[in-house]
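Structure record follows, encoded as structure tokens.
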Amino acid sequence: NRCDGLIDVRAMGEWCNSDAARRNERDCPRYYAVLSDGSRLCEYQPNGECRLGASCTAIPFPPLLPPSPPNRCDGLIDVRAMGEWCNSDAARRNERDCPRYYAVLSDGSRLCEYQPNGECRLGASCTAIPFPPLLPPSPPNRCDGLI
């Protein structure tokens, strides 16, 4: 028997028969109880009670997805490296161009975000993933010992 999708009465601090609203053929089977020795279905009884019945098994939920990656600013242009701020250049004050920029600050980096009033302002924090170090140059082709 499966208890996936059913409601655990013990999680609510109750038993199958605790709530009178469950004491009917339609609602009683929608519940189960997690006990120390396993789980059991709530089963409707002919006398009008909702009681513990057969054992059941719930398939555990898959693990939660990993957190979303942080806002990334790799590939964007640092306005501070140009001695400017997000809103300094009027050419950036539009929905298309503003998000192409970010600012490196003393406490981290922040995206430039277009505002409904037509300005390009500092927005959410972002993270730049540094490029891996460049590989050392390959040795020159050698032709020692060739005929």
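Readers should treat all values here as calculations from the given coordinates under stated rules, not as data from a laboratory. This is a predicted model, so every value here is computed, not measured. All Cβ positions, glycine included, derive from the backbone under ideal geometry; neighbour counts span all protein chains shown.
Tell me which residues, restricted to the stretch 24-35, are within 17 Å of Met12 (Cβ to Cβ) and of a type outside the set (Val, Ile, Thr). Working first, answer last.
Within the stretch 24-35, the first condition is being within 17 Å of Met12 (Cβ to Cβ), and the residues that meet it are 27-35.
Listed by number, the residues that qualify are Asp27, Cys28, Pro29, Arg30, Tyr31, Tyr32, Ala33, Leu35.
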*For the stretch 90-112, what are the residues that are surrounded by 18 or more Cβ atoms within 10 Å (Cβ to Cβ) and more than 16 Å from Thr127 (Cβ to Cβ)?*
Arg92, Arg93, Cys98
